[in-house]
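K.L.:
Mind having a look at this structure? Questions to follow.
No lab work stands behind these numbers, since they all come straight from the coordinates. The structure displayed is predicted, hence computed values, not measured ones. In this analysis, Cβ positions are derived from the backbone assuming ideal geometry, glycine residues included, and neighbour counts consider all displayed protein chains.
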Amino acid sequence: MSGGVQATARILARADGRGGTSLPVLEGDGPLALRRTRGSGAEARVMLVGAMSGPLGGDHFTVEAVVEEGARLHVGSAAATIALPGQAKGEAHYDVRLTVADGGELRWLPEQLISANGSELYVSTQVDVGAYGRLVLREEQVLGRVAEEPGRLGSRLVVRVGGRTVLDQALACGPGAPGGWDGPAVLAGHRAVGQLVVVRPEFAADPAPARVLGDGAVIMPLAGPAALVSAVAPDALRLRKLLDEALVSLE
Amino acid sequence: MSRAALLVLADGRFPAGGHAHSGGAEAAVKAGRINGASSLEEFCRGRLHTAGLVSASLSAAAVLGVDPVELDAAADARTPSPALRTAARKLGRQLMRAARATWPSAELDALAREFPKGAHQPVVLGVAARAAGLDAVDAAYCAAYESVSGPASATVRLLSLDPFDATAVLARLAPELDRVADRAVEAAREVAEVGVDALPAASAPLLEISAELHAAWPVRLFAS
């Protein structure tokens, strides 16, 4: 296969009993380093710091976060993640596994994932939220650096709430992806695509109303206590603006 | 089994209400993204490999006897747009009426009782194909073909596109349709063994976003 890097980062967030959140597990190896930064109120804040660029071809990264009952965790990243071709041939994998217990809250707001020319990366994000848990999750894919053709990028995002799948969505783009991915039904030349998932127990009785935020972004209530903002934009900056506006209007 | 039943089910004149839906073509025409035969072809190709593949897999899995209630929930999770979920259930209900009259079956009756407002159309299509004695691959072809024939015939009306050109688009997509139907059946067999998480989830962001924009128009020719 390949001589790529295997790296795992783990976070465990636990209510400290004094209204705050402690992090009994905060470990990352190789290119996945974690740093605790100043949180606000009851929330612990963690920054994912890329110690080197990647993932490169052949690499397999895994990030796992568990938020226990009553804990509040915010995870960001210091910079965009760039998928690059690398020395080792073959595809790279990036798996994210998130678990939020009843009464826990996770804000998962990393920077963009940029698919550089020649790279091949498959991202899988699986989130399990308790029926009374809360989640805000953002994913942004940028196809190519400035004026560059993208690499092959595959992503799948699965969100379960109370054991029931409320969102299962895959996107395939770049050279070798099934036909039509850049055509009028799928991306139509847009180079940035993003999702924002908000899970909130109150949505069970009072769902977020469907709303159009412009030609390239909508808020959609899912079949379950969750809402999805789906957006496409010409570039990363405009995509972030759309998702930020959507988040404000949901909060 | 009678293979000819597939012709009845896939016939555009089968009274299941599909003609009222454009499969996203109306919104794409308005946005200028479909303006002729070649952009229609790219639109249909993208739809085939995303929504078409998912529908074909759902239909094939229903023929194999996977619980339609679970398939319906899987279809919900793969359809974030509430406008598209509503359209899929409306189409499912219309297809259910036609199918029950055509191929009476206890399984269709049970599904109709479970979802009085309609189950997702591809799930009903699969159960109908099963009632008609068809195979999983037949239902997969039917669903995959509908994912492109709907937008093609709608575009003839929306753009006054030459019907010969629209039909040629469908013919050019035929080899890819074969591959999508094969993949759908493969996935459906896996579903029968390991559960609905094995269903493909290929999505088309602009189909979902545009469906919401389209649903907000005050006047439109097609329902979706």
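K.L.:
For the protein assembly as shown, what Kirkwood radius comes out of the mean inverse Cα-Cα distance, in Å?
P.N.:
This gives a value of 22.9 Å.
K.L.:
Placing +1 on the Cβ of each Lys and Arg and -1 on the Cβ of each Asp and Glu in region B:4-215, which of B:VAL127, B:ALA144, B:ALA31 has its Cα farthest towards the positive end of the resulting dipole?
P.N.:
The listed residue farthest towards the positive side: B:ALA31.
K.L.:
Evaluate peptide A:207-215: per residue, the Cβ atoms of other protein chains within 10 Å of its Cβ; return the mean as an integer. Let's see the in-between values first.
P.N.:
Working: counts 1, 0, 1, 6, 2, 6, 2, 2, 4.
Average per residue, whole number: 3.
K.L.:
Once both axes come from the Cα atoms, what is the angle between helix B:68-77 and the longest principal axis of chain B, in degrees from 0 to 90, rounded to 10?
P.N.:
Relative to chain B, helix B:68-77 is tipped by roughly 30 degrees.
K.L.:
Might you report the magnitude of the Cβ-based charge dipole of the protein assembly as shown about its Cα centre, with Lys and Arg at +1 and Asp and Glu at -1, to the nearest 20 debye?
P.N.:
Working: 46 positive and 53 negative charges, 169 e Å.
That gives a dipole near 800 debye.
K.L.:
Moving on. Using DSSP to call loops (not H, G, I, E or B), can you name the GluC sites (Glu not before Pro) in region A:101-155 whose Cβ has at most 15 other Cβ atoms within 10 angstrom? Display every interim value, and only then the final one.
P.N.:
Working: sites: A:GLU105, A:GLU111, A:GLU120, A:GLU139, A:GLU140, A:GLU148; in loops: A:GLU111, A:GLU148.
Passing sites in region A:101-155 are A:GLU148.
K.L.:
Give the calculated FRET efficiency between B:GLU190 and A:ARG18 to the nearest 0.05, with a Förster radius of 30 Å applied to their Cβ-Cβ distance.
P.N.:
With a Förster radius of 30 Å, E is 0.05.
K.L.:
For chain B, find the longest principal axis of its Cα atoms and tell me its angle to the long axis of helix B:163-172, 0 to 90°, nearest 10.
P.N.:
With both axes taken from Cα atoms, the answer is about 50 degrees.
K.L.:
Let me ask something additional. Over what distance in Å are the Cα centres of region B:176-213 and region A:186-251 separated?
P.N.:
Each part's Cα centre sits 22 Å from the other's.
K.L.:
If you don't mind, another one. What is the dipole size for region B:4-215, taken about its Cα centre, with +1 at each Lys and Arg Cβ and -1 at each Asp and Glu Cβ, in debye to the nearest 20?
P.N.:
680
K.L.:
Which lysines have a Cα lying under 30 Å from the Cα of A:LYS241, excluding residues fewer than 8 positions away in the same chain?
P.N.:
B:LYS30
K.L.:
Still on this structure: Which far-off residues, 5 or more places away or on another chain, put their amide H under 5 Å from the one on A:GLU91, with H placed in the peptide plane?
P.N.:
When sequence neighbours closer than 5 places are left aside, the close amide H contacts are A:GLY58.
K.L.:
With n ≥ 4 as the cut-off for DSSP H runs, can you work out [θ] at 222 nm for chain A, using -39500 (n - 2.57) per run divided by the number of residues, rounded to the nearest 500?
P.N.:
About -2000 deg cm²/dmol.
K.L.:
Return the single residue from B:ALA60, B:ALA140, B:ALA98 with maximal mean-square fluctuation; model: Gaussian network over chain B, springs between Cα atoms under 10 Å.
P.N.:
B:ALA98
K.L.:
Of all DSSP beta bridges located in the protein assembly as shown, what percent are antiparallel, nearest 5?
P.N.:
Once the DSSP bridges in the protein assembly as shown are tallied, antiparallel ones form about 45 percent.
K.L.:
Among A:ALA78, A:ALA185, A:ALA236, which one shows the highest mean-square fluctuation when chain A is modelled as a Gaussian network with alpha-carbon springs under 10 Å?
P.N.:
Maximum fluctuation in the GNM of chain A, among the listed residues, is at A:ALA185.
K.L.:
Right, something else. Label A:ASP95 and B:ALA106 with points 7 Å out from Cα along Cα→Cβ: what is the distance between them in nm?
P.N.:
Between A:ASP95 and B:ALA106, the label points sit 4.3 nm apart.
K.L.:
Let me ask you something else. With +1 on each Lys and Arg Cβ and -1 on each Asp and Glu Cβ, how big is the dipole of region B:1-54 about its Cα centre, in debye rounded to the nearest 20?
P.N.:
In debye, rounded to 20, region B:1-54 gives about 40.
K.L.:
Here's another thing I want to ask about it. Select from B:ALA51, B:ALA106, B:ALA144 the residue whose mean-square fluctuation is largest in a Gaussian network model of chain B (Cα-Cα springs shorter than 10 Å).
P.N.:
Of the options given, B:ALA106 has the highest mean-square fluctuation.
K.L.:
Relative contact order of region A:1-108: what whole-number percent is it, with Cα pairs under 8 angstrom and at least 6 residues apart?
P.N.:
30
K.L.:
To continue, here is another question. Round to a whole angstrom and tell me the spacing of the C-alpha centers of region A:54-120 and region B:86-130.
P.N.:
Here the answer is 41 Å between Cα centres.
K.L.:
While we're on this one: How far is helix B:121-131 tilted off the main Cα axis of chain B, in degrees rounded to 10, range 0 to 90?
P.N.:
The two axes meet at around 40 degrees.
K.L.:
Amide H neighbours of A:THR62 under 5 Å, at least 5 residues apart or on other chains, H built in the peptide plane: list them.
P.N.:
Result for A:THR62 returns A:ALA7, A:THR8, A:ALA9, A:ASP95.
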